[in-house]
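Inspection log for the structure reproduced underneath, given as structure tokens.
The values are calculated or read from the model by the stated rules, or taken from the named source; none is laboratory data. The structure presented is a predicted model; accordingly, all values stated were derived computationally and were not measured. Methodologically, a virtual Cβ is constructed for each residue, glycine included, from the backbone with ideal geometry; neighbour enumeration extends over all protein chains shown. Heads up: the accessible areas ignore ligands, DNA and RNA and are worked out on the full protein's heavy atoms, side chains in. Shrake-Rupley method; radii C 1.70, N 1.55, O 1.52, S 1.80 Å.
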Amino acid sequence: MHPIYTQRAPLSSGRHRHSRHPATSATRHALAVHGERAWRQPDLDLEQAGQPVVASHWADHRATPREHTAQSPRGYYVASIFMRSTQLALSADAHDVHRGEWRAGSFHMSAPGQQLRARFESPCDILHLHLSEAFVRRMALAADSLHLMAAPTPVHVAQDSVIEQLARALLAADDKMCGREYAERVAAPIVTRYFHLLSQAHLNSNEPRRIALPRWRLQRVHDYVKANLGSSVTLSDMAAAAGLSPMHFAAQFRVATGQRPHDYLLQCRIDRAKTLLATSNRTLIDVTLEVGFCTQAHFTTVFKRFTGTTPNLWRRNNFHPLSTEPGSAEASHAGASVHSLHASTM
């Protein structure tokens, strides 16, 4: 058994307690590794914390069967790293993930919003990493695996000693390394390793390799959308700009960018609307029509979904009118804002 576990006293319940080192205080790892008030539920508000990575620890040394349910929070993936072998039946969104033994070093990733149900048949010890979507996307990009995010989230990756040792390093963090920054630094290679294993599994499978939309076709789509933001733009229009059928375009676009074409179009419209709201006195209905929405109500709904606030409130907090003199840098910038589209930066 790893040295950091040899001094730990058995726990009578599932709550995480900082008892790995008897001489340390109960708050030693309060920032690096949080406790959990229930399975997969850290003892802090993820939305309020707004951190890219939150680590939490769940240990339950009971041998009697017990069941738990949890839902992955919106905007966060949840990685589970098993620190000891356990007997567990796990399902995600009512589909079986794995029944039987989960060996130490096993790794599972659940997608945002997934509903999970677990039945433990033996003691367990699990490190959970709550990872923001932006953080996971950044790690996927670094591992050249962004296309894997377009597929359904894999349910189970076999035991991996590298991930296990990185997790143990995070649990063993001392006072000099304690903090959320340290948790983020350790989580980065764990998630990168996960995408490496996932890529290898795809290469070794019999599934045909999915093709990403080439950069030059992406640029053509970008130019078309930029030139037609105020008009009706359909999937067929975007596919025609890329020179592909709608079916092939949609699949290749999502592999290359991790986005659906429609979501990308909406993002472009909202980005342009933000520029107009911040730099001009145009009415809200004028902005609505300028960026291609038919009704102000629909525009407001989509704007709030992407920004978290209403157009009027966003303008109030961000208004900074720019010079409109011909040829001014500000005027050029105001007219050029549109959501960028590059496979290497999405």
Which residue is surrounded by the most Cβ atoms within 10 Å (Cβ to Cβ), if the candidates are limited to region 225-236 and must be within 21 Å of Thr295 (Cβ to Cβ) and over 29 Å from the mean Cα position of the chain (by Cα)?
Asn228
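Mind telling me which of the residues Phe293, Phe306, Phe249 ends up being free of Cβ contacts under 8 Å to residues at least 60 places away in the same chain, more than 26 Å from Gly50 (Cβ to Cβ) and not in a loop (DSSP other than H, G, I, E, B)? Before the answer, list the steps.
On the way: Phe293 fails: not in a loop (DSSP other than H, G, I, E, B); Phe306 fails: more than 26 Å from Gly50 (Cβ to Cβ).
Result of the check over Phe293, Phe306, Phe249: Phe249.
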Name the pairs: first residue in region 262-288 and without any contact (Cβ under 8 Å) to a residue 60 or more places away in the chain and more than 20 Å from Asn317 (Cβ to Cβ), second residue in a helix (DSSP H, G or I) and open to solvent by 40 Å² or more (accessible area, probe 1.4 Å), Cβ to Cβ under 6 Å, at least 6 apart or on different chains?
Ile285/Gln296
Failed criterion for Asp175 (all others in (1) modelled with pLDDT under 80; (2) over 18 Å from the mean Cα position of the chain (by Cα); (3) part of a helix (DSSP H, G or I) hold)
(3)
Determine whether region 92-110 contains at least one residue that is open to solvent by 10 Å² or more (accessible area, probe 1.4 Å), at pLDDT 85 or above and under 12 Å from the mean Cα position of the chain (by Cα).
no
Please give the number of the condition Gly243 fails out of (1) over 26 Å from the mean Cα position of the chain (by Cα); (2) crowded, with 20+ Cβ neighbours inside 10 Å; (3) farther than 21 Å from Val291 by Cβ; (4) not aromatic (Phe, Trp, Tyr).
(2)
Does Val255 fit the bill of being in contact with a Lys or Arg (Cβ under 6 Å, 6 or more places away or on another chain), in contact (Cβ under 8 Å) with a residue 40 or more places away in the chain and closer than 30 Å to Ser161 by Cα?
yes
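Taking region 133-147 as the region of interest, how many residues are surrounded by 20 or more Cβ atoms within 10 Å (Cβ to Cβ) and in contact with a Gly (Cβ under 8 Å, 6 or more places away or on another chain)?
First, the residues of region 133-147 that are surrounded by 20 or more Cβ atoms within 10 Å (Cβ to Cβ): 135-136, 139-140, 146-147.
Narrowing the set further to residues that are in contact with a Gly (Cβ under 8 Å, 6 or more places away or on another chain) leaves 140, 146-147.
Of the residues in region 133-147, 3 are surrounded by 20 or more Cβ atoms within 10 Å (Cβ to Cβ) and in contact with a Gly (Cβ under 8 Å, 6 or more places away or on another chain).
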